[in-house]
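In what follows, a single structure is set out as structure tokens and then discussed.
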Amino acid sequence: MKQYKRTLITTALPYANGPVHIGHLAGVYVPADIYARYLRLQGRPVTMVGGSDEHGVPITIKAKKEGVTPQDVVDRYHSIIKDSFKELGISFDIYSRTTSSIHAATASEFFSRLHDKGEFIEQTSTQLYDPEAHMFLADRYVTGECPHCHSPRAYGDQCEACGTSLNATDLIDPKSALSGATPELRQTKHWFLPLDRFQERLSRWILEGHKEWRPNVYGQCKSWLDLGLQPRAVTRDLDWGVPVPLKEAEGKVLYVWFDAPIGYISNTKELYPDSWETWWKDPETRIINFIGKDNIVFHCIVFPAMLMAYGDGFQLPDNVPSNEFLNLEGDKISTSRNWAVWLHEYLREFPGKQDTLRYVLTANAPETKDNDFTWADFQTRNNSELVAILGNFINRATVLTHKYYGGSVPVPGEMLDAEKAVFDEIDEIKKRLTEQLEGFHFRDALREAMNIARAGNKYLQETEPWKVWKTDQSRVATILYTALQICADIAIAFEPFTPFMSDRLSRQLGISQLCWAKLGTRDLVKSGTVIAQPELLFEKIEDHAIAAQLAKLEEAKRQNIINSYEPAAVKESTSFEDFEKTDIRVGTVTACSKVKKSNRLLQLSIDDGMGGRTILSGIAQSYPNPEELVGKQVCFIANFPPRKMMGIESQGMVLSAVDADGRLVVVGPTAPVAPGASVG
């Protein structure tokens, strides 16, 4: 493989209409950071650029819902995203934004050059127009009935109920999300990038030149190329975005898919105003795009076509590592349904456990297929691997050094077969670890890094320094010296994956700088060095913390059901005379308990003002603590004939409402009334 002078790493730009979640992290940002940190440990020049994608329809929709400006929205979420990335240790050299002035200038110049070169074609098309808001409607501004599943809340680009991709004109009875008006079809002119002109060059570059790309990336590109590329619009009728730099394009902005990837260039310009071209146009720079699989086409076909059209020496990416999707507790992550683990909330609820999240997301990375994040697996990996394997070895090695040598690294004696075996094993692990990192196989790489800790635990278990101390203290010196060298190897090997732990461990061992070349050198921690007092690098996660997270998800699920609730149709008309026959009264619950051998029934004793009565009600699953009903007033039907259930006579029926999530809620007066009062 060609050796490059430098590497430019770009990461997909997250939309600044909400915070980032674990799906974003597992798909893009943790893998990119692992690779960047590895290259830095190698001493190879590398720059990692990122930023917020702050244009596009989702941001304007968010602003409209909140009654604020789009700039208010992106300012808020850009800050949340940037701060949470930093706290997780995502080591961007720059994290900027597409609302910056340098980006606007760069994107405008990019469009103007392509326009002046004649790379665009102009087309007039028919689009939906809101006659009350006086604007053309982007797909997400059109709602209506899905033609497939008939959900009444489908959008103009997709039905979220059945997942079908749509065109706005497919919707039944479409309405403008802005004004509620029925949109009209009107003509509008836009500029298109004819991707078909670049079909042959893209095919040669990808299908012949990059067969080493991941199968999901290569396969998706091949599918698009086999179908034949079509022109794609680069402008839109919107008032939020980079204005199209043409007099005849007033009221139009650059389409976000054209605008956003130029952000990689503008961010590099912002970081290196005088030398940015070295990172984009020098053939000795290797460009790596880390993206999610929903961005493959844009980064492998559309953006490269834009760079080809621009010319002037822009280099194409050498690799585009893309993961599959990460699900959550068996369900697809969804920001609109709040079915997600949000990074900024995780950092607040699990303080000091950045490494645990990084570790779990890497160990369970969806590199070749969709994977599932579960809180049970999160807890198990932390407790059984980070605590019981990695933390256990480091703690034993450092505690024993303090116990026997006052924390001073001992001078080793003769290295025996046990030392030779463990050092040889680590040499082999380093080779495999390096190969996996170079090939973007980060999940396998992490497994190899953990094998160093496993080898260390096995070594201590076999040499038993706590027993040997009584008979051969010089031998213990060799064992603990060796164990501390393995600790140093762990600090290096884990730095790309768990940088906070590696930093604490290297400071504890007195190592000033970590370097990949020193991994396995066997003398990184010098004899005579006084190591710091041992500290627990990882702590167990208790059941109550996991239960709290699962409860949050259950509440999100309940809220989604409530938000999508549609009342049942009104029953057939009935007469007032028939209604008058029903005697509805108010009573006070004096006792309430579960009926034995029944999962559904509660037995309520009710003061009805007439001597009292017993009523059985099928609300047990909605009231797991029956005592909470005692003292409450409820409405009940007093003139139903008695009915025996489970050997108990029920003298009426308690009225309850069926909530959107299926929960039964007893109905009663909003203010106290006398028991036995009639409802009418």
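The figures follow:
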read-out	value
Per residue accessible area of region 1-48, 1.4 Å probe, in Å²	29
Vicinal HN-Hα couplings computed from phi for region 428-438 (Karplus, 6.51 cos²θ - 1.76 cosθ + 1.60; Hz; Gly/Pro x)	5, 4, 4, 4, 5, 4, 5, 4, 5, 5, 4
Distant-in-sequence amide H partners of V142 (H built 1.01 Å from N, under 5 Å)	G156, A177
Within straight-line cross-link reach of K86, lysines at Cα separation under 19 Å, skipping those fewer than 8 residues along the same chain	K353
Surface accessible to a 1.4 Å probe, per residue, for the residues of region 589-680, Å²	56
Cα centroid separation - region 18-55 against region 442-466, whole Å	28
Charged-residue dipole, Cβ positions (Lys, Arg, Asp, Glu), region 551-680 about Cα centre, Debye nearest 20	560
Sorted peptide list for 319-328, 423-432, 257-266, 455-464, criterion being average Cβ within 10 angstrom, highest first	257-266, 319-328, 455-464, 423-432
Packing rank of 9-20, 544-555, 527-538, 571-582, where each peptide gets the mean count of other beta carbons within 10 Å, highest leading	9-20, 527-538, 544-555, 571-582
Selection from A305, T368, H344 lying farthest towards where the dipole of region 266-370 points positive, charges on Cβ	H344
Solvent-accessible heavy-atom area per residue, rounded to whole Å², over region 94-225 at 1.4 Å	49
Listed pairs K222/K293; K65/K557; K65/K189; K65/K552 exceeding 20 Å between Cα atoms	K65/K557; K65/K189; K65/K552
Only Lys, Arg (+1) and Asp, Glu (-1) charged, at Cβ; region 1-112 dipole about Cα centre in debye	440
Charge dipole (debye, nearest 20) of the chain; +1 at Cβ of Lys and Arg, -1 at Cβ of Asp and Glu	1340
Vicinal HN-Hα couplings computed from phi for region 210-224 (Karplus, 6.51 cos²θ - 1.76 cosθ + 1.60; Hz; Gly/Pro x)	9, 6, 7, 4, 4, x, 5, 6, 4, x, 5, 5, 4, 4, 5
Selection from Q651, S598, M610, by position along the positive dipole direction of the chain (Cβ)	S598
³J(HN,Hα), Karplus 6.51/-1.76/1.60, whole Hz, each residue of region 249-265, x for Gly, Pro	10, 4, x, 10, 10, 5, 4, 4, 5, 7, 5, 4, x, 5, x, 4, 6
The chain: calculated mean residue ellipticity at 222 nm from DSSP helix runs of at least 4, using -39500 (n - 2.57)	-11500 deg cm²/dmol
Proximal lysines relative to K644, as straight alpha-carbon distance under 18 Å, when same-chain residues fewer than 8 apart are discounted	K594, K596, K597
Efficiency of FRET from Cβ geometry, A548 and S605, R₀ 30 Å, rounded to 0.05	0.25
Accessible area of the chain belonging to carbon and sulfur atoms, whole % at 1.4 Å probe	49
Farthest toward positive dipole pole in region 388-476 [+1 Lys/Arg, -1 Asp/Glu at C-beta], among Y405, F440, V422	Y405
Those lysines that a straight Cα-Cα span of less than 21 Å connects to K64, excepting residues fewer than 8 apart in one chain	K175, K252
Ordering of 79-92, 628-641 by burial proxy (mean other Cβ atoms within 10 Å per residue, highest first)	79-92, 628-641
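The values are calculated or read from the model by the stated rules, or taken from the named source; none is laboratory data. Note that the coordinates shown come from a computational prediction; the quantities given were computed from them, not determined experimentally. Cβ coordinates were reconstructed from backbone atoms using ideal geometry, including for glycine residues, and neighbour counts include every protein chain displayed. Protein only, heavy atoms only, side chains kept; ligands, DNA and RNA dropped before computing areas. Shrake-Rupley method; radii C 1.70, N 1.55, O 1.52, S 1.80 Å.
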